[in-house]
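Visitor: Below are the structure tokens for one structure; questions will follow.
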Amino acid sequence: MKIFLDTADVAEIREYAASGLVDGVTTNPSLAAKAGKDYVESLKEICSIVPGAVSGEVLATDFAGMMKEAEVLRKIAANIAVKVPLTWDGLKACAKLSGEGTMVNVTLCFSPVQAWMAAKAGATFISPFIGRVDDMGEDGLGLIHDIRAVYDNYNFKTEILAASIRSVSHVRECLLAGADVATMPASIFKALISHPLTDKGLAAFMADAKKANVTIKGA
Ligand code: G3P
């Protein structure tokens, strides 16, 4: 499963991409507003930091407007993915853009039927929002399982990009459900490798080595 950071904060992306473990980035209008910088300029910078897809979202809600903005976005870099909402105009834009070889991320997916329609429109990525489904008292991770089954049943190649991830358990469940990508805030990325027994075990190793003066000669 690929790891994407869900942020438009260039400094944050630079910091965590240095780990070599960040495959791509997703942004949206809310994250761009939070970052407070020129959106296109930030996307340019982000595309040069990570190796994989970087989603830049259209702001228009009509087909013509989306296409106009997509023209600007797709010129940014080869690894840009144009993000469109799961609406009729969005799916029309998705079909046109993917037919022209542009990567498209269809966002705001809340049902397996919506995911099927996006795949039929040629989406490169589908973004189901786990946390927001949970917020409604429904089963966000069930949605990932259902979309996996639909895509496997009909051999769709659209990648399941699990979004609205709120916890490390969400990430674990995405791995088990067979999501292709998980996009997450930096706080969750950082927490992925944390375990109290790792910290405890390391402290014990260091203490034992110090006590017996164990060294690595030549280092
Ligand atoms: O990628 C979508 C994500 O940013 C939404 O997350 O936590 O606002 O539901 P959240």
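Visitor: What number of residues within region 29-54 satisfy the criterion of being farther than 16 Å from Ala78 by Cα and either more than 14 Å from the ligand (Cβ to nearest atom) or of a type in the set (Lys, Arg) (or both)?
Guide: Of the residues in that region, 5 qualify.
Visitor: Still on this structure: Could you run through region 160-169 and say how many residues are surrounded by 22 or more Cβ atoms within 10 Å (Cβ to Cβ) and over 11 Å from the mean Cα position of the chain (by Cα)?
Guide: Total satisfying the criteria: 0.
Visitor: Here is a further query. Asp208: more than 15 Å from the ligand (Cβ to nearest atom), assigned to a helix (DSSP H, G or I) and not aromatic (Phe, Trp, Tyr), yes or no? Don't jump to the end; show me each part of the working.
Guide: Values: more than 15 Å from the ligand (Cβ to nearest atom): yes; assigned to a helix (DSSP H, G or I): yes; not aromatic (Phe, Trp, Tyr): yes.
In short, yes.
Visitor: Could you tell me how many of the residues in region 88-119 are β-branched (Val, Ile, Thr), surrounded by 17 or more Cβ atoms within 10 Å (Cβ to Cβ) and closer than 30 Å to Asp139 by Cα? Can you show your working first?
Guide: Here is the first cut: in region 88-119, the residues β-branched (Val, Ile, Thr) are 102, 104, 106-107, 113.
Right, trim to surrounded by 17 or more Cβ atoms within 10 Å (Cβ to Cβ) and you get 102, 104, 106-107.
Filter once more, so that each one left must be closer than 30 Å to Asp139 by Cα: 104, 106-107.
Residues flagged as β-branched (Val, Ile, Thr), surrounded by 17 or more Cβ atoms within 10 Å (Cβ to Cβ) and closer than 30 Å to Asp139 by Cα within region 88-119 amount to 3.
Visitor: Right, here's the next one. Every residue in region 56-79 that is under 21 Å from the mean Cα position of the chain (by Cα), among the hydrophobic types (A, V, I, L, M, F, W, C) and within 20 Å of Gly24 (Cα to Cα), please.
Guide: Listed by number, the residues that qualify are Val58, Ala70, Leu73, Ile76, Ala77, Ala78.
Visitor: A follow-up question, please. Of all residues in region 11-28, how many are surrounded by 12 or more Cβ atoms within 10 Å (Cβ to Cβ) and either near the ligand (Cβ under 10 Å from one of its atoms) or of a type in the set (Gly, Ala, Ser) (or both)?
Guide: Final tally of qualifying residues: 5.
Visitor: Please verify whether Thr215 is among the hydroxyl-bearing types (Ser, Thr, Tyr), loosely packed, with under 14 Cβ neighbours inside 10 Å, assigned to a loop (DSSP other than H, G, I, E, B) and more than 19 Å from the chain's Cα centre (by Cα), treating the condition exactly as stated.
Guide: Values: among the hydroxyl-bearing types (Ser, Thr, Tyr): yes; loosely packed, with under 14 Cβ neighbours inside 10 Å: yes; assigned to a loop (DSSP other than H, G, I, E, B): yes; more than 19 Å from the chain's Cα centre (by Cα): yes.
Yes; evaluated as a whole, the condition is true for this residue.
Visitor: Let me ask you something else. It is to be established whether one or more residues within region 32-40 are within 13 Å of Phe189 (Cα to Cα), surrounded by fewer than 22 Cβ atoms within 10 Å (Cβ to Cβ), over 12 Å from the mean Cα position of the chain (by Cα) and modelled with pLDDT of 95 or more. Even if it seems obvious, please write down each step before you answer.
Guide: The initial filter retains those residues of region 32-40 that are within 13 Å of Phe189 (Cα to Cα), namely none.
No; the residues of region 32-40 include none that is within 13 Å of Phe189 (Cα to Cα), surrounded by fewer than 22 Cβ atoms within 10 Å (Cβ to Cβ), over 12 Å from the mean Cα position of the chain (by Cα) and modelled with pLDDT of 95 or more.
Visitor: Among the residues of region 95-130, which ones are within 16 Å of the ligand (Cβ to nearest atom), assigned to a helix (DSSP H, G or I) and either hydrophobic (A, V, I, L, M, F, W, C) or touching a Ser or Thr at 6+ places or on another chain (Cβ under 9 Å) (or both)?
Guide: Ala115, Ala118, Ile130
The values are calculated or read from the model by the stated rules, or taken from the named source; none is laboratory data. None of the values given here were measured: they were computed from a predicted structure. Using ideal geometry, Cβ is built from the backbone for each residue, glycine included, and neighbour counts are taken over all protein chains shown.
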